[in-house]
Amino acid sequence: MARRSKYPPALIVRTLCAWAVTLLLFFPLGWLVLTAFKTELQAISVPPLLFFKPTFANFVEVQERSDYLLYAKNSVVTSVMSTLLGLAIAAPAAYSMAFFRSKRTKDILMWMLSTKMMPAVGALVPIYVLAQSAGLLDTQLALVIIFTLSNLPIMVWMLYSHFKDIPHEILEAARMDGATLWQEFRRVLLPLAVGGLASTGLLCLVLSWNEAFWSLNLSSAKAGTLATLIASYSSPEGLFWAKLSAASLMAIAPIVVFGWFSQKQLVQGLTFGAVK
Amino acid sequence: MKRLLPRLLLTPAVASLLLWMIVPLVMSIYFAFIRYNLMQPEVTGFAGLENFQYFLTDPSFSVAVMNTLLLLGSVIVVTVLFGIGIALLIDDPFPGRGAVRLLLISPFFVMPTVNALLWKHMMMNPIYGVLAQVWKFFGATPIDWLTDFPLGSVIIMVSWQWLPFAALIFMTALQSMNREQLEAARMDGATYLQQLRYLYIPHLGRSMAVVVMIEMIFLLSVFAEIYTTTGGGPGDASTNVAFLIFKQALLNFDAGVASAGALFAVVLANIAAAFLIRMVGKNLDK
């Protein structure tokens, strides 16, 4: 019998197919990265350039022209704050529903999810009017509150499905051993829930960072997030592709890298723990 | 105490979501019945059903409803089919699988405004865009995507964003397949199609339900991609319900009509939610 080669043909075919599909799907993003390091002329050259001497001028110019750092700071502040606030509201609710289940629990969960089905634009006029009369237009506070509320249903759902998987017996055993409510929470529940809290927080962070509708409509120069900054580059036929690419790259790089590191937790979270 | 604590813990979430739902809803109902145009502050008073009539008989309306459904339907079909394909393709180990996973998932984290501008300018531009170059390379006339296929272009952008999501969920689900069962089927000479039909697809049922559910929630209100690329045009060719309401509110400054539209969106959302609840109830209940 002939010795099996280390690379059977089927494996080679599969490897080639997988890489071809991947590179095809990743191509637009890869192109964005390349363009960010080109000059404006190179960016629109026909045929497109694959090899060139990279320049960092675009990044410098984006910062100088439109104060990237201010928008980046707004993005960080609003997404982190809304994630923390969201966890603070969602975790107790999810805990309550998972461990003290009643007949209404399922209805409440479904009702929460249904608030998420409503397109944000449906609430735009009222929220705009409210924000205006409260003097909250173009403030970080308004964005934090709105990001939190719009992510809240998803967060409650995710945490609920995580908490539901924690066996009640463990908590009961702790109680039998005379643990106080605080000890039970601190020593038993929290360590078990930390994974769920992390994956929920991660997803909330990604969603808030990428949120465009509310930041476009409720914020501008002062509290605008990176999504606002990028949209301002859509100006009519503004053929500043290299700068647009540099700005885009700076806007997405933090969250894409962050996403790479947390993809496992994200799957857990996104599927409400239904897919393992 | 036993009953008080759970309720107390639940209250902040329920109360804030209730406010988030009810306050805009009540205000929308009020605005929908008055004449309220930000450009004509002197025109006021009770409008009756005028705003509703205006919104529902607007020729853009039926187009927008169709576009919303088309966008939702095609993106779900594309992402589920290709997502399963990709997941099956990279299910078994091969050199560079880890890197492939990272590259594949990346588009999901790209913010919609960047996604839209990237495709609009660098991919779909009819003169300098990469796709135009590819078309020319094959001797074909480049397509002016956003003008000739506005809704199709938006579907491509949104699918590109959500395909990684679907693929990632299916990849994860496949890892929990019963390998012994699969081996046994192969030993018994099951063809790949038979394995697909009787083993893989049934196993993926639950994750398909999850993908459809999450995508429905997010795709009903696609906005940034339309706002930054076609602006709903040309004409109404790429206007969905969310964008139509936005146009009434911020481009026509007619808060009354926009509010009537918002109430319609609530009805649409409730229909979708009812549909989802049945599906989720069946598939996610443990």
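Residues of the range B:233-242 include none that is in contact (Cβ under 8 Å) with a residue 40 or more places away in the chain, in contact with a Phe, Trp or Tyr (Cβ under 8 Å, 6 or more places away or on another chain), open to solvent by less than 10 Å² (accessible area, probe 1.4 Å) and over 20 Å from B:VAL158 (Cα atoms). Going through (1) away from chain A (no Cβ under 13 Å); (2) buried (at least 19 other Cβ atoms within 10 Å of the Cβ); (3) closer than 19 Å to B:ILE271 by Cβ one by one, B:VAL80 falls short only on (3). Taking the conditions (1) open to solvent by 40 Å² or more (accessible area, probe 1.4 Å); (2) facing chain B (nearest Cβ under 9 Å) in turn, A:THR180 satisfies each one other than (2).
The set of residues in the range B:43-60 that are part of a helix (DSSP H, G or I) and either open to solvent by less than 40 Å² (accessible area, probe 1.4 Å) or under 30 Å from A:PHE185 (Cβ atoms) (or both) comprises B:ASN51, B:PHE55, B:SER60.
Scan the range A:103-118 residue by residue and report those that are part of a loop (DSSP other than H, G, I, E, B) and crowded, with 22+ Cβ neighbours inside 10 Å. Within the range A:103-118, A:MET118 is the sole residue that qualifies.
Could you check, for the range A:37-55, whether at least one of its residues is in a helix (DSSP H, G or I), among the β-branched types (Val, Ile, Thr) and open to solvent by less than 40 Å² (accessible area, probe 1.4 Å)? No, the conditions are met nowhere in the range A:37-55. Scanning the range B:1-29 for residues that are farther than 23 Å from A:LEU85 by Cα, at the interface with chain A (Cβ under 9 Å from one of its Cβ atoms) and assigned to a helix (DSSP H, G or I) gives B:LEU25, B:VAL26, B:MET27, B:SER28. Taken together, A:LEU197, A:LEU249, A:LEU226, A:LEU270 contain a single residue that is over 28 Å from A:GLN42 (Cβ atoms) and either within 11 Å of chain B (Cβ to nearest Cβ) or at pLDDT below 85 (or both), which is A:LEU270.
Consider A:TYR160 carefully, then state whether it is in contact (Cβ under 8 Å) with a residue 12 or more places away in the chain, of a type outside the set (Lys, Arg) and either out of contact with any helix residue (DSSP H, G or I) (no Cβ under 8 Å at 6 or more places or on another chain) or open to solvent by 70 Å² or more (accessible area, probe 1.4 Å) (or both). Reasoning before the result, please.
Numbers: in contact (Cβ under 8 Å) with a residue 12 or more places away in the chain: yes; of a type outside the set (Lys, Arg): yes; either out of contact with any helix residue (DSSP H, G or I) (no Cβ under 8 Å at 6 or more places or on another chain) or open to solvent by 70 Å² or more (accessible area, probe 1.4 Å) (or both): no.
Against the criterion (in contact (Cβ under 8 Å) with a residue 12 or more places away in the chain, of a type outside the set (Lys, Arg) and either out of contact with any helix residue (DSSP H, G or I) (no Cβ under 8 Å at 6 or more places or on another chain) or open to solvent by 70 Å² or more (accessible area, probe 1.4 Å) (or both)), A:TYR160 does not qualify.
Residues that are aromatic (Phe, Trp, Tyr), away from chain B (no Cβ under 11 Å) and surrounded by 12 or more Cβ atoms within 10 Å (Cβ to Cβ) do not occur anywhere in the range A:16-34.
Check B:VAL75, B:VAL110, B:VAL63 and return the single one that is open to solvent by less than 10 Å² (accessible area, probe 1.4 Å) and either without any contact (Cβ under 8 Å) to a residue 12 or more places away in the chain or more than 12 Å from chain A (Cβ to nearest Cβ) (or both).
Details: B:VAL110 fails: either without any contact (Cβ under 8 Å) to a residue 12 or more places away in the chain or more than 12 Å from chain A (Cβ to nearest Cβ) (or both); B:VAL63 fails: open to solvent by less than 10 Å² (accessible area, probe 1.4 Å).
Being open to solvent by less than 10 Å² (accessible area, probe 1.4 Å) and either without any contact (Cβ under 8 Å) to a residue 12 or more places away in the chain or more than 12 Å from chain A (Cβ to nearest Cβ) (or both) holds for just one of B:VAL75, B:VAL110, B:VAL63, which is B:VAL75.
Among the residues of the range A:147-157, just one is among the hydroxyl-bearing types (Ser, Thr, Tyr) and either more than 9 Å from every other protein chain (Cβ to nearest Cβ) or open to solvent by less than 10 Å² (accessible area, probe 1.4 Å) (or both), namely A:THR148.
Filter the range A:63-78 for residues that are surrounded by 13 or more Cβ atoms within 10 Å (Cβ to Cβ) and either among the small types (Gly, Ala, Ser) or under 17 Å from A:ALA247 (Cβ atoms) (or both) and give the result.
If we filter the range A:63-78 for residues that are surrounded by 13 or more Cβ atoms within 10 Å (Cβ to Cβ), which is where we start, we get A:63, A:66-68, A:70-78.
Within the range A:63-78, A:GLN63, A:SER66, A:ASP67, A:TYR68, A:LEU70, A:TYR71, A:ALA72, A:LYS73, A:ASN74, A:SER75, A:VAL76 meet the criteria.
Taking the range A:210-227 as the range and being hydrophobic (A, V, I, L, M, F, W, C) and farther than 17 Å from B:GLU225 by Cβ as the test, the residues that pass are A:LEU218, A:ALA221, A:ALA223.
Taking the criterion of being farther than 30 Å from A:GLY224 by Cα, more than 7 Å from every other protein chain (Cβ to nearest Cβ) and without any contact (Cβ under 8 Å) to a residue 12 or more places away in the chain, the residues of the range B:113-143 that qualify are B:ALA132, B:VAL134, B:TRP135, B:LYS136, B:PHE137, B:PHE138, B:GLY139, B:ALA140, B:THR141. Going by what's in this entry, would B:ASP144 be described as at pLDDT below 90 and within 28 Å of the chain's Cα centre (by Cα)? Yes, satisfied. Of the candidates B:VAL100, B:VAL154, the single residue that is more than 9 Å from every other protein chain (Cβ to nearest Cβ) and buried (at least 20 other Cβ atoms within 10 Å of the Cβ) is B:VAL154. Exactly one residue among B:GLN40, B:GLN133 is under 30 Å from A:GLN42 (Cβ atoms), surrounded by fewer than 18 Cβ atoms within 10 Å (Cβ to Cβ), of a type outside the set (Val, Ile, Thr) and out of contact with any Asp or Glu (no Cβ under 7 Å at 6 or more places or on another chain), and that residue is B:GLN133.
If you check A:VAL144, A:VAL60, A:VAL121, A:VAL125 for being surrounded by fewer than 20 Cβ atoms within 10 Å (Cβ to Cβ), in a helix (DSSP H, G or I) and among the β-branched types (Val, Ile, Thr), only one passes: A:VAL60. Restricting the search to helices (runs of 4 or more DSSP H) fully inside the range B:167-273 and requiring at least 1 residues that are small (Gly, Ala, Ser) and facing chain A (nearest Cβ under 7 Å) gives B:201-219, B:224-228, B:241-246. With a requirement of 2 or more residues that are of a type in the set (A, V, I, L, M, F, W, C) and free of Cβ contacts under 8 Å to residues at least 12 places away in the same chain, the helices (runs of 4 or more DSSP H) lying completely within the range A:164-236 that satisfy it span A:168-176, A:190-210.
The values are calculated or read from the model by the stated rules, or taken from the named source; none is laboratory data. Bear in mind that the values here come from a model prediction, so they are computed numbers and not experimental data. Glycine also receives a Cβ, built like all others from the backbone with ideal geometry; neighbour counts cover every protein chain displayed. To get the accessible areas, we keep the full protein, side chains included, count just its heavy atoms, and leave off ligands, DNA and RNA. Shrake-Rupley method; radii C 1.70, N 1.55, O 1.52, S 1.80 Å.
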